[in-house]
Amino acid sequence: ADEELAREDELAVAAEEVEAPDEGGYAAAEAVPASASGGGGGAAPEPEPAELTPDQDRKRRMFVGGLAWGTTIDTMRRYFESFGEVVDCSIQYHGATGKSRGFGFLTMARYSDAMRVRTQQHHLEGRALQISDAAPPKQAPVSKRVYLGGLPPDVTEEDITSVLVTKLGNIESLQVMRFPDTGKGRGFAFVTFTDEEVAKRAVQSPRGSLEVKGCPLIITPAQPKSMGPKPGPQPPG
C-alpha cells in the first residue's frame, strides 16, 4: 500500500511539471495566443461579413514587428493559426547575412480572424509583437500616353486615328514624329487616350493584332522625356 501511495505521488508531481508554464507565461516549445496569457480578454469573435469591402480585404494582411531573431516562419505560422486559417506568413531577412530583420507579414483567410489578431496582445518566444497595417504594394503609375512603333513613312494622323478609335477607344492627342526636312514619318508616334483603361488595353494587346496601312503596330507605355535617349553629337555647321 505504501508503494502504491508513493507511486501516485510521483505521477501527481510529474503531471504538475508538464502542465506548469515557464516564467514567460507559456511553454518554451510553443507560444500561446494573447487571450490565453491574459492579453486579449474574452471578447466574442467578430462575425464574418457576407462580402468584404476593399478596406476590409486589405486589413486581412498585417505587418508583424518585434520578432525574435531566431523565430522561424513555421513557429510564427503555428502561433497565428490558433486564431484561424493563415493564408500567407513571411519573415524578412537581410540579403547579405541571411539574418532575420525582426519583422514579417501575415495574411489571414478571414477578415474576422484578422480583427481578432489586431485587437489582442501577442507574445512569441519572449518578445512582444507589434501588429499594424501592412503598406499596400507599390503599383506602377497608370499613364494614358503610349508609344506607337512600326508606322510606315507615309502614315497620316487620320490613318492612325481611324484604327485606334475603332479598335480601342477615343484619343485625346496624337503626335506623329516626322523628319523636319522631308515631312516623312520617322516610324513612330505618341498617343494620349482619354482613359487609362483604354491605354492599358492598348499596351496589353498582342503584338501585330493592330495594323496601320498593313504595318503591325508596336505599342508600349510612353517613357518620360527624361528617360528617353539623349541626342547624339550635332554635326558641325
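None of the figures in this text is laboratory data; all of them are computed from the coordinates on show. Since this is a predicted model, take the numbers as computed values, not measurements.
General observations
- Amide H to amide H distances under 5 Å link Val212 with Leu217, where only residues 5 or more positions off or on other chains count and H is placed in the peptide plane.
- Computed over the Cα atoms of the stretch 145-223, the ratio of the radius of gyration to the Kirkwood radius (Rg/Rh) comes to 0.94.
- Close amide-amide hydrogen proximity is noted between Gly150 and Ile218, each under 5 Å apart and 5 or more residues distant or on a separate chain (H modeled in the peptide plane; Pro and chain starts excluded).
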